[in-house]
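The values are calculated or read from the model by the stated rules, or taken from the named source; none is laboratory data. Only a predicted model underlies this, so the values are computations on that prediction, with no experimental measurement involved. Quick reminder, even Gly has a Cβ in these numbers, built from the backbone with ideal geometry, and neighbours come from all protein chains shown. Each accessible area value is taken on the protein alone, full model and side chains, heavy atoms only, with ligands, DNA and RNA left out. Shrake-Rupley method; radii C 1.70, N 1.55, O 1.52, S 1.80 Å.
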Amino acid sequence: MGKPEIFLEKSKNNSFRAYDIPLMMKSLKQDALRGIIDLSEDDLQWFRTYSFALQQLELNAGGRSPNFNESDWGGTIEDFGKVKSMVDEMERVGVVTNVGWTAGGNSLFNAPNPGMSFFNIPAPARYRQHVYCLIDAHLDKLYNRG
């Protein structure tokens, strides 16, 4: 068995969206129960982080993602360090520009309400492909662990 079909099919025509991530995660959990992949909570947190990235693109395009409040995304991300790492990497390769962070709660990186990340997406198609590549690479890692 290979990668979840929902990602493969929708990524081919650029229609994979943030709201597809929970469906994909359900498929991953089923594959983990069948012993096809080793799926950790860390992996699931990464997929929530990719969902955040897609939500940002959808917000940038003027749409709204279900269950997402742009002023407080701390409830959707358990590991703010993953968001920070991903956004820093995206800034380094030029996928996002003008990155800014606001603090919330007690500290920027370990708060229950970590604040927000702001950035510009100069080329939405490039950004989408970058996020798809991150997801695809993570799926490759899961399905090739053996």
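Can Phe119 be described as open to solvent by less than 50 Å² (accessible area, probe 1.4 Å) and at pLDDT 85 or above?
Considered against the rule, which asks whether it is open to solvent by less than 50 Å² (accessible area, probe 1.4 Å) and at pLDDT 85 or above, Phe119 comes out as yes.
Within the set of pairs 6 or more residues apart or between chains, which connect a residue that is within 11 Å of Ala61 (Cα to Cα) inside the stretch 121-133 to a residue that is open to solvent by 20 Å² or more (accessible area, probe 1.4 Å) and outside any helix (DSSP H, G or I) with Cβ atoms less than 7 Å apart?
From the stretch 121-133, the pairs are Pro124/Ala61.
Only one of these is among the basic types (Lys, Arg), farther than 15 Å from Arg128 by Cβ and modelled with pLDDT of 95 or more: Arg48, Arg64, Arg92. Name it. Break it down stepwise before answering.
Working: Arg48 fails: modelled with pLDDT of 95 or more; Arg64 fails: modelled with pLDDT of 95 or more.
Just a single option satisfies the conditions, and that option is Arg92.
Would you be able to tell me the number of residues in the stretch 11-43 that are surrounded by 16 or more Cβ atoms within 10 Å (Cβ to Cβ) and closer than 21 Å to Leu57 by Cβ?
Of the residues in that region, 8 qualify.
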